[in-house]
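In what follows, a structure is listed as structure tokens, so that the remarks can point back to it.
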Ligand code: G3H
Ligand code: ZN
């Protein structure tokens, strides 16, 4: 079966993007697998440190491996926003397909140093590393708060130049006005900045905070070279609202019946994203 690098390269050449869907429950995982199978899309299954610790990294790796072989679909695991080096190394050791090192809180020098160290370990096992330059604000939840992006939060083109040269990182998460979560007022994306980053970076460019961004903006960033887009909040919202709705049925006690309905609702949302990213029929 083809690896993640193959699909990222393909997406880059053909100008579409691979969705990363985060999950932390079995019905979310089943929904992602079903959509990958049904729409013939490669998919990256994202687990943050919290999500991975809740389900168990060993369990996650085994479940994804079994499903990948059973359905013959390109499912790839990514440790999302890894900050704890022991956990990142554990993901590499257990066989995640890629790890994202979120070094946004470090100085550029320190970010480069740690990213290099991780790449050395990961590449020996053919595992990709996603680095990050700039700070992507917000949390993966629905919020009525206002969020302000400062100039220093955005990706600096000169930092990217130094970072990619010194680390040889595979993928790069950028901060171009994107934020985590769904807010009342979503900031606008800076396409000019994305174009400038693209000029000096041959890496696979990643957009975090996919939830809440208008479809036409998503299409634009793909046109400008983004090849992976992460979604979490919108999946969490559907999960919570659906579960709440179906639990109202006082006569139903079977978890598998209730959760199957939740799963179906999640699948509809994921399908929408797959068509938006145009990653269907790409196997
Ligand atoms: O790393 C995960 C994503 O960036 C999720 O962002 O919750 O805004 O969809 P989101
Ligand atoms: Zn993110």
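Just so you know, all these numbers are worked out from the coordinates, no wet-lab data involved. In this text the structure is predicted, and so the values were computed from the model without any measurement. Note: ideal-geometry Cβ built from the backbone for every residue, glycine included; neighbour counts use all protein chains shown.
Observations on the model:
- Helix axis angle, 26-39 relative to the chain longest principal axis, alpha carbon, degrees: 80 degrees
- The orientation-averaged projected area of the convex hull spanned by the Cα atoms of the range 103-164 comes to 5.4 nm².
- The range 247-274 and the range 168-207: distance between their alpha carbon centers, rounded to Å: 33 Å
- Using alpha carbons only: equivalent-ellipsoid semi-axes of the chain, gyration tensor based, whole Å: 29, 22, 18
- Calculated Rg and Dmax of the range 131-251 using C-alpha coordinates, Å: 16.5, 61
- Only DSSP H runs of four or more residues enter the estimate; each adds -39500 (n - 2.57), and after division by the residues of the chain the mean residue ellipticity at 222 nm equals -16000 deg cm²/dmol.
- Packing-based ranking of 125-133, 6-14, 142-150 yields 125-133, 6-14, 142-150, ordered from highest to lowest mean Cβ neighbour count within 10 Å.
- 0 to 90° range, to nearest 10: angle between helix 85-94 axis and the chain longest Cα axis: 60 degrees
- Cα-Cα P(r), the range 74-138, percent of pairs per 5 Å interval: 4, 19, 32, 24, 14, 6, 1, 0
- Ranked 93, 253, criterion: other C-beta atoms within 10 Å, fewest first: 253, 93
- Volume of the Cα convex hull of the range 22-61, divided per residue and given in Å³: 57 Å³
- With neighbour counts taken as other beta-carbon atoms within 10 Å, the residues 226, 218 rank, fewest first, as 218, 226.
- Normalised contact order of the chain, rounded percent, pairs of Cα under 8 Å and 6 or more residues apart: 23 percent
- Between the range 210-232 and the range 65-143, the Cα center-to-center distance that results, in Å: 20 Å
- Degrees separating the helix 233-247 axis from the principal Cα axis of the chain, which is the longest one: 10 degrees
- Three-way shape label, the range 53-181, alpha-carbon gyration tensor, a/c 1.5: oblate
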